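The values are calculated or read from the model by the stated rules, or taken from the named source; none is laboratory data. Nothing here was measured: the structure is a model prediction, and the numbers come from that model. Backbone-built Cβ (ideal geometry, glycine too); neighbour counts: all protein chains shown. Please note that ligands, DNA and RNA were not included when accessible areas were found on the heavy atoms of the full protein model with its side chains. Shrake-Rupley method; radii C 1.70, N 1.55, O 1.52, S 1.80 Å.
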Amino acid sequence: SLLALAIAAYLALRAARAVVQPIEELVRVADAISMGDLSRPVRAERNDEIGDLAQALERMRLSLDSAMERLRRRRRTN
């Protein structure tokens, strides 16, 4: 039973890490975006809710980048 408990604990840690690591990466990217760094693309490597969140962050990054470029063009023409 100790072996089964050890295996269960190992599998639980591995499952938790599989969820936490991608979220931590998305937090780092969101922080970079909030500081104005729009150069790093957000990779959506999963086909689940975390992947959906990554895709949404990438759409937001692209939208912000486009808006910033439009503002730069306006400033140049004024």
Q: Compute the long axis of helix 2-34 from its Cα atoms, compare it with the longest principal axis of the Cα atoms of the chain, and write down the angle in degrees, 0 to 90, nearest 10.
A: 10 degrees
**Q.** Formal net charge of residues neighbouring Ile33 (Cβ-Cβ distance under 11 Å; K, R +1; D, E -1)
**A.** -1
**Q.** Förster radius 30 Å - calculated FRET efficiency between Val27 and Ile7, Cβ distance, rounded to 0.05
**A.** 0.45
Q | Charge dipole (debye, nearest 20) of the chain; +1 at Cβ of Lys and Arg, -1 at Cβ of Asp and Glu | A | 620 debye
Q: First measure r as the distance between the Cβ atoms of Arg14 and Asp52, then evaluate 1/(1 + (r/R0)^6) with R0 = 25 Å and state the FRET efficiency to the nearest 0.05.
A: 0.65
Q. So for the chain, Kirkwood radius off the Cα pairs, Stokes-Einstein at 25 °C and 0.890 mPa s: how many µm² s⁻¹?
A. 164 µm²/s
Q: Take the Cα of Met60, step 7 Å along the line toward its Cβ, and report every residue of the range 20-37 whose backbone nitrogen sits under 17 Å from that point.
A: 22-37
Q | Net charge of neighbours whose Cβ lies under 15 Å from the Cβ of Arg59, counting Lys and Arg as +1 and Asp and Glu as -1 | A | 0
Q) Looking only at Ala67, Ala44, Ala32, which one moves most when the chain is put into a Gaussian network model with springs between Cα atoms under 10 Å? A) Ala67
Q. Round to a whole number: what % of the accessible area of the chain belongs to carbon and sulfur, probe 1.4 Å?
A. 59 percent
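Okay, helix-only estimate at 222 nm for the chain: each DSSP H run of n ≥ 4 adds -39500 (n - 2.57), divide by all residues, round to 500 deg cm²/dmol; what do you get? Intermediate results must be reported in sequence, preceding the final value.
Working: 2 runs with 62 residues, N = 78.
Calculated mean residue ellipticity at 222 nm is -29000 deg cm²/dmol.
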Q. Of the trypsin sites (Lys or Arg not before Pro) in the range 1-70, which ones lie in a loop per DSSP and count no more than 16 other C-beta atoms within 10 Å?
A. Arg43, Arg46
**Q.** Heavy-atom accessible area per residue - the chain, 1.4 Å, Å²
**A.** 81 Å²
